[in-house]
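Trainee: Structure in structure tokens, see below.
Please treat every number below as a calculation from the coordinates, not as lab data. Since the structure is predicted, the reported quantities are computational estimates derived from the model, not experimental observations. A quick note on method: Cβ atoms are made from the backbone with ideal geometry, for glycine too, and the neighbour counts reach across all protein chains shown.
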Amino acid sequence: MISTVHLIGVLLTVALLLFISWLSGRNVKDARAFTTGGTSGSWMVCGAFLTTLAGGQSTVGTAQLAFSYGLSAWWFTLGAALGGVVLALFYAGPLRRSGCSTLLELVRKQYGRKVETVGSLLFLLGIFISIVAQVLTSGAMIGSLFNLPVLWSLVVGAVLIMLFVLFGGIRSAGAGGIVKLVLLYCGSVATGIIVWHLAGGYTGLHNSLEEVYRSPSLASMNGLTDAESIHQRYGSMVARGVLKDLGGCLSIVLGVVSTQTYAQCIWSGATTAKARRGALYCAFFIPIIGAACTLVGIYMRAHYVTAAELAVMQQAGEALPAGLGVIEDSAQAFPAFILDHLPAWFGGIMLGTLLINILGCGSGLCLGGATILVRDVLANVGRKLGTAMMPQLMLTRLSIVLLLALGVAVGQAFHGSFINDLGFLSLGLRAVAIVFPLSFAIWLPGRFTPRSVLLSMPVGTAVMLAAHFLQLPGGDVYYGLLASLATIIIVTGNKTATT
């Protein structure tokens with residue numbers, strides 16, 4: 001439970017970040033000033049990148065995955081870093097020279113408006129999955145802080161995101177982004193050092209893992225029966241399988257390249273060189289944040305059991321060993337560590353920074369999803385039916401409420417799933433839909449037909465979703481990318497052959 005000192009730290013940190021972001025955002029007069037031909041320096045670009053990349057999935061989600069699979073949880077932030085490098089080195093120049101303000105606008109210039117519309121709808125699917133992940137992350141935070149039931153934690157988290165949208169969200173550009181960068185990075189490094197000290201280094205951490213799995217029921221429940229299996233699970237970068245873990249990394253890399261939010265960071269730079277440097281700075285910082293969160297997750301595994309694991313132990317007649325704590329589920333690993341093991345004042349600052357990042361990311365996703373829903377779906381329905389729709393502002397607000405309500409419902413169904421797996425799926429879907437059309441529009445213009453590109457987007461998406469739900473071996477993204485590329489090549493080849 002949160003203490004008074006924690007609460008004061010949270011409120012002061014949130015207030016400081018809101019105030020600085022408000023001050024830095026006063027000179028942003030319109031969206032275009034941010035997305036095209038911006039004036040941001042390298043550090044401001046870095047702050048913008050880090051604010052969106054180092055959200056709930058990179059922190060809370062990484063610690064959750066590390067709780068069950070150790071070092072392999074690091075792939076999420078490693079993939080984000082590699083995505084930043086690829087975007088900086090290979091896409092920054094072409095994007096800025098294109099004269100476009102969105103990725104789909106660039107694709108539309110080459111392949112037509114239908115491709116843009118289909119791409120927008122598929123983006124909405126990927127965005128919604130990310131909204132579910134943010135609702136789960138905010139719910140884990142609220143549940144840890146106030147010990148609420150799962151459903152109420154998700155509802156409160158969704159309401160906070162909604163209020164943040166009404167507030168206007170925190171602009172990731174400007175001084176606010178830099179302050180968040182400093183707080184999150186320094187806090188994460190300090191947290192990693194504290195974990196290392198508490199655990200007694202690598203040897204102490206490994207010995208603690210062996211100790212917690214001395215419980216026969218706990219070891220059986222997790223499929224870990226000896227010291228070697230524990231070491232392989234928590235000490236391997238590919239604990240979930242080489243193809244699966246590398247596939248997750250690939251989803252993040254290509255998802256970063258294919259997402260409008262990160263392209264906006266590139267466009268916001270005053271020059272191409274500054275935009276590139278900002279992305280590369282972020283690529284340096286974010287794996288360090290991920291490493292700290294991974295250490296937190298492993299430490300919490302060695303010293304805590306979940307409520308479900310405790311129930312299994314008690315059913316088997318085992319008592320909870322002395323010194324072990326209990327958390328509701330693995331998603332609470334990071335916030336529970338902050339509450340239980342950091343000084344209260346420092347914990348309050350960390351919780352406030354995490355909360356702002358999660359709510360800011362969630363509000364941005366909701367606004368983006370609602371915009372697509374209103375502009376590309378409801379507006380077209382209204383035109384086809386020949387009926388007047390309600391005012392756009394009201395439609396947008398109702399769409400945000402709808403997306404968050406659905407996010408709570410789906411989040412309840414997916415409660416207990418790995419938050420980062422939703423992140424892999426979300427970014428992978430965006431990559432499957434847009435990475436080939438975008439890349440071909442930049443480097444191979446005129447080589448492929450609009451029809452082939454149009455068909456490739458839903459085909460790749462459908463194949464990836466089928467691979468995910470059928471639990472096919474390897475990473476889902478491989479199937480989607482292969483189907484998308486094959487569709488483009490085959491359909492274009494058939495068109496060429498017939499002409």
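Trainee: Would you mind ranking ARG240, ARG113 by Cβ crowding within 10 Å, fewest neighbours first?
Mentor: Working: ARG240 21, ARG113 10.
With the fewest neighbours first, ARG240, ARG113 line up as ARG113, ARG240.
Trainee: Estimate the FRET efficiency between GLU210 and ASN494 by the formula 1/(1 + (r/R0)^6), using the beta-carbon distance for r and 45 Å for R0, to the nearest 0.05. Each step should come with its number before you reach the end.
Mentor: Details: r = 59 Å, r/R0 = 1.31.
After rounding to 0.05, the efficiency reads 0.15.
Trainee: From the square roots a ≥ b ≥ c of the eigenvalues of the alpha-carbon gyration tensor of region 215-273, which class results: rounded (a/c under 1.5), prolate (a/b over b/c), or oblate?
Mentor: Working: a/c = 3.97, a/b = 3.81, b/c = 1.04.
In terms of gyration-tensor shape, prolate.
Trainee: Run the quick spin-label model on HIS231 and LEU398: label points 7 Å from Cα toward the beta carbon, then report their separation in nm to one decimal.
Mentor: 6.2 nm
Trainee: Let me check I have the definition right: for region 157-306, take the eigenvalues of the Cα gyration tensor, multiply each by 5, take square roots. What are those semi-axes in whole Å, largest first? Mind dumping the intermediate values first?
Mentor: Working: eigenvalues 264, 70, 58 Å².
So the three semi-axes of region 157-306 are 36, 19, 17 Å.
Trainee: Using +1 on the beta carbon of Lys and Arg, -1 on that of Asp and Glu, and nothing else charged, what's the dipole of the chain about the Cα centre, debye to 20?
Mentor: 2420 debye
Trainee: Label point 7 Å out from VAL238 along Cα-to-Cβ: which residues of region 451-483 have amide N under 15 Å?
Mentor: Correct set: 474-475.
Trainee: Sort LEU183, LEU481, LEU163 so that the residue with the fewest other Cβ atoms within 10 Å of its own Cβ comes first and the one with the most comes last. Could you put the intermediate results ahead of the total?
Mentor: Numbers: LEU183 20, LEU481 23, LEU163 11.
Going from least to most buried by this count: LEU163, LEU183, LEU481.
Trainee: Sort 399-407, 75-83 for me by packing, meaning the mean count of neighbouring Cβ atoms within 10 Å per residue, highest on top. Could the numbers behind the result be given before it?
Mentor: On the way: 399-407: 20.1, 75-83: 27.0.
Output ranking for 399-407, 75-83: 75-83, 399-407.
Trainee: Residue separation times 0.36 nm, minus the C-alpha to C-alpha distance between GLN412 and THR272: what's the value? Display every interim value, and only then the final one.
Mentor: Values: separation 140, 0.36 × 140 = 50.40 nm, distance 4.31 nm.
That pair, GLN412 and THR272, stretches by 46.1 nm at full extension.
Trainee: While we're here: Rounded, prolate or oblate: which one fits region 307-370, using the alpha carbon gyration tensor with axes a ≥ b ≥ c (rounded when a/c is under 1.5, else prolate when a/b beats b/c, else oblate)?
Mentor: Working: a/c = 7.76, a/b = 1.75, b/c = 4.43.
The shape class here is oblate.
Trainee: Let me have the 222 nm mean residue ellipticity of the chain computed from DSSP H runs of 4+ only, each contributing -39500 (n - 2.57), with the sum over all residues rounded to the nearest 500.
Mentor: Calculated from helices alone, the mean residue ellipticity at 222 nm is -25000 deg cm²/dmol.
Trainee: Taking the Cβ-Cβ separation of ARG97 and ILE8 as r and a Förster radius of 56 Å, what is the calculated FRET efficiency to the nearest 0.05?
Mentor: Details: r = 49 Å, r/R0 = 0.88.
Using R0 = 56 Å, I get an efficiency of 0.70.
Trainee: Hey, can you grab everything whose amide H is under 5 Å from the amide H of VAL305? Only 5+ residues off in sequence or another chain; H modelled, so Pro and N-termini drop out.
Mentor: Residues meeting the amide H criterion: GLY325, VAL326, ILE327.
Trainee: Does the chain classify as rounded, prolate or oblate by the C-alpha gyration tensor (a ≥ b ≥ c root eigenvalues; a/c under 1.5 gives rounded; else a/b over b/c gives prolate, otherwise oblate)? All intermediate terms of the calculation are to be shown ahead of the outcome.
Mentor: Values: a/c = 1.72, a/b = 1.43, b/c = 1.21.
Prolate, because a/c is 1.5 or more and a/b exceeds b/c.
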